[in-house]
């Protein structure tokens, strides 16, 4: 069974705008708040931008949806990604 995780930051306006769409479209989806830019997960997960959505299967990354610089993610991006 797969798990969908949203990586986001409270200081990111694109994250704040996207969060409501994520919660509507992925009920029960996990959220990881990365407010500290020195958090090692930024490097470990190769997160260049947030919000980023990653789907894991058996603990292994299956696919990801990454924000675009100065755009973030939009509802339609997530809807299309979830169709898969």
>> Please compute the modelled spin-label separation between residue 36 and residue 61, points set 7 Å along Cα→Cβ, answer in nm with one decimal.
In response: 2.1 nm
> Roughly speaking, what is the centre-to-centre gap between the range 5-22 and the range 25-75 when only Cα atoms are used, to the nearest Å?
Replying inline: 10 Å
>> Could you sort the peptides 46-57, 14-25 by per-residue average Cβ neighbour count (10 Å cutoff), highest mean leading?
In response: 46-57, 14-25
> For the chain, what is the percent of antiparallel DSSP beta bridges, rounded to the nearest 5?
Replying inline: 75 percent
>> Using a Gaussian network model on the chain with a 10 Å cutoff between Cα atoms, which of 72, 29, 59 fluctuates the most?
In response: 59
>> From Cα pairs below 8 angstrom and at least 6 apart in sequence, can you work out the relative contact order of the range 2-83, rounded to a whole percent?
In response: 36 percent
> What shape does the chain have by the C-alpha gyration tensor, where a ≥ b ≥ c are the square roots of the eigenvalues, rounded means a/c under 1.5, and otherwise prolate means a/b greater than b/c and oblate the rest?
Replying inline: oblate
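FYI, it's all coordinate maths here, none of it is from the lab. Quick caveat, the model's predicted, so the values are computed rather than measured. Reconstructed Cβ throughout: ideal geometry from the backbone, glycine too, with neighbour counts over all protein chains shown.
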